[in-house]
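The values are calculated or read from the model by the stated rules, or taken from the named source; none is laboratory data. What you see is a predicted model, and the numbers here were worked out from it, not measured in a lab. Cβ sites come from the backbone with ideal geometry, for glycine too, and all protein chains shown count toward neighbours. For accessibility, only protein heavy atoms count, side chains too; no ligands or nucleic acids. Shrake-Rupley method; radii C 1.70, N 1.55, O 1.52, S 1.80 Å.
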Amino acid sequence: MPVIAPWPIVRLPADRGERDETVAIGTTVDHLTETYRVHYRSLLGLAALLLDDTASCEDVVQEAFIRVHSARSRVREPEKTLAYLRQTVVNLSRSALRRRILGLRLLSKPMPDMASAEEGAYEQLERDQLIKALRGLQRRQREVLVLRYFADMTEAQAAETLGISVGSVKAYGSRGIAALRVAMEAQS
């Protein structure tokens, strides 16, 4: 069965008694390298018009050269090598932009009600001040406030945990909040 090639085949005459070889017409490595060397700046400029940073432009132009080099046998007319390089630069630039856009879409977006870094710093300072003020309270007052407001227990649960009456929890809690308020105002 005959082999059908997508490009023209040239038969070279036998040299020194060797058998005939079949070679496809295409761009030679030397011609491709020279085209790349001469037109590198214009290809870089083309990529720069399509992309935004120099590193990406250089990557695209070099990748275009590699791709055209590996497919040089498909370039039927060597004078169209530059056109192939240009088209490959355009296609690779489009692909790079598509990847960037997709990457930006997939990035997690911050929640609109998120605190700024400054607010987080202020909250940390206030938290540190609160902890310092809590340490200055009487032991029972501190225990009641921590169980009621940080552990989110009811008065009955706090009373049971501490082994005191509900009335004592209320009294220690109100005195503790008053003492905490004074200590926080003194620190400000």
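Of all residues in the range 131-172, those that are closer than 19 Å to GLU185 by Cα and among the charged types (D, E, K, R) total 3. Total residues in the range 150-188 satisfying the condition of being touching a Gly at 6+ places or on another chain (Cβ under 9 Å) and without any contact (Cβ under 8 Å) to a residue 40 or more places away in the chain: the figure is 3.
Here's the yes/no breakdown for (1) closer than 23 Å to ASP30 by Cα; (2) touching a residue at least 12 places away in the same chain (Cβ under 8 Å); (3) among the hydroxyl-bearing types (Ser, Thr, Tyr):
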site: LEU49; (1), (2), (3): no, no, no
site: ASP52; (1), (2), (3): no, no, no
site: GLU58; (1), (2), (3): yes, yes, no
site: GLN62; (1), (2), (3): yes, no, no
site: PHE65; (1), (2), (3): yes, yes, no
site: SER73; (1), (2), (3): yes, yes, yes
site: ARG76; (1), (2), (3): yes, yes, no
site: VAL89; (1), (2), (3): yes, yes, no
site: SER95; (1), (2), (3): no, no, yes
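Only one entry of ALA64, ALA48 meets the criterion of being assigned to a helix (DSSP H, G or I), aliphatic (A, V, I, L, M) and open to solvent by 30 Å² or more (accessible area, probe 1.4 Å), and that entry is ALA48.
A quick yes/no check of all residues on (1) open to solvent by less than 100 Å² (accessible area, probe 1.4 Å); (2) modelled with pLDDT under 90; (3) touching a His at 6+ places or on another chain (Cβ under 8 Å):
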{"position": "GLU58", "(1), (2), (3)": "yes, no, no"}
{"position": "ARG74", "(1), (2), (3)": "no, yes, no"}
{"position": "PRO78", "(1), (2), (3)": "yes, yes, yes"}
{"position": "ALA83", "(1), (2), (3)": "yes, yes, no"}
{"position": "ASP113", "(1), (2), (3)": "no, yes, no"}
{"position": "GLY120", "(1), (2), (3)": "yes, yes, no"}
{"position": "ASP128", "(1), (2), (3)": "yes, yes, no"}
{"position": "ARG148", "(1), (2), (3)": "yes, no, no"}
{"position": "ALA156", "(1), (2), (3)": "yes, no, no"}
